[in-house]
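Accompanying notes for the structure given below.
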Amino acid sequence: MAVSLTLLEKLHNLNQIVFYNFDMVNIPNEAFEIADDAPQNTRLSPLNTKLVKLMLDYDRPEYTDELVMAVIKYLALRLPSLKVFGAWIAFDAALASFIDNYKATYPHLVDLVFKLGMVE
């Protein structure tokens with residue numbers, strides 16, 4: 001995942017991107033510390049990017065829903081310019097709770113749309 005974050009920062013004027021076969025390794029520990037109901041005391045630093053649409057495509061059975069959701073939440077917090085986030089996972093009540101609890105610290109979450117599948 002570190003390579004993807006570096007790519008997004010280097011291509012900071014990019015409007016949208018699809019990561020095919022997104023590699024969910026080398027995920028920062030802070031991604032796993034994000035709880036649905038308790039915002040962190042420290043704010044994650046935003047990535048310097050103008051990215052509006054992001055699609056994560058992955059096809060590995062070893063990626064659990066918990067792992068995928070940790071990555072999605074982490075990226076959602078770090079990408080304040082993001083408006084549409086697509087992934088091949090059903091977004092559930094836990095994500096709604098996460099947004100509700102984090103929106104005061106990360107106000108961009110209010111306008112972020114999560115979509116199942118490809119982003120058009």
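The values are calculated or read from the model by the stated rules, or taken from the named source; none is laboratory data. Bear in mind that the values here come from a model prediction, so they are computed numbers and not experimental data. Ideal geometry is used to build each Cβ from the backbone, glycine not excepted, and the neighbour counts take in all protein chains shown. Heads up: the accessible areas ignore ligands, DNA and RNA and are worked out on the full protein's heavy atoms, side chains in. Shrake-Rupley method; radii C 1.70, N 1.55, O 1.52, S 1.80 Å.
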Please turn the phi angles of the range 42-48 into ³J(HN,Hα) values with the Karplus equation 6.51 cos²θ - 1.76 cosθ + 1.60 (θ = phi - 60°), one per residue in order, whole Hz, x for glycine and proline.
-> 9, 7, 6, 6, x, 7, 7
Karplus-derived 3J(HN,Hα) from phi for the range 69-76 (6.51 cos²θ - 1.76 cosθ + 1.60, θ = phi - 60°), whole Hz, x at Gly and Pro, runs 5, 4, 5, 4, 5, 4, 5, 4
Provide the FRET efficiency to the nearest 0.05 for the Glu33-Ser81 pair, computing r from the beta carbons and using R0 = 25 Å.
-> 0.60
With contacts defined as alpha carbon pairs under 8 Å and 6 or more residues apart, what's the relative contact order of the chain in percent?
-> 29
Counting only protein heavy atoms with a 1.4 Å probe and every protein chain in place, the carbon and sulfur fraction of the accessible surface of the chain in whole percent equals 52
GNM on the chain, C-alpha springs below 10 Å: top fluctuator among Pro39, Pro107, Pro61?
-> Pro61
Once every DSSP H run of n ≥ 4 in the chain is given -39500 (n - 2.57) and the sum is divided by its residues, what mean residue ellipticity at 222 nm do you get, rounded to the nearest 500 deg cm²/dmol?
-> -9000 deg cm²/dmol
Compare the Cα positions of Leu67, Leu5, Ala93 along the charge dipole of the range 1-110 (+1 at Cβ of Lys, Arg; -1 at Cβ of Asp, Glu; about the Cα centre) and return the one farthest towards the positive end.
-> Leu5
With +1 on each Lys and Arg Cβ and -1 on each Asp and Glu Cβ, and nothing else charged, work out how big the dipole of the chain is about its Cα centre, in Debye to the nearest 20.
-> 580
At 0.36 nm per residue, minus the direct Cα-Cα distance, what do Ala93 and Phe19 gain on full extension? Give it in nm, one decimal, please.
-> 24.1 nm
Projected onto the charge dipole of the chain (+1 at Lys/Arg Cβ, -1 at Asp/Glu Cβ, origin at the Cα centre), which of Leu44, Leu54, Leu14 gives the Cα projection farthest towards the positive end?
-> Leu14
Two decimals is fine: what is log10 I(q)/I(0) at q = 0.20, 0.24 Å⁻¹ for the chain, from a Debye sum with one equal scatterer on every Cα and no solvent?
-> -1.21, -1.88
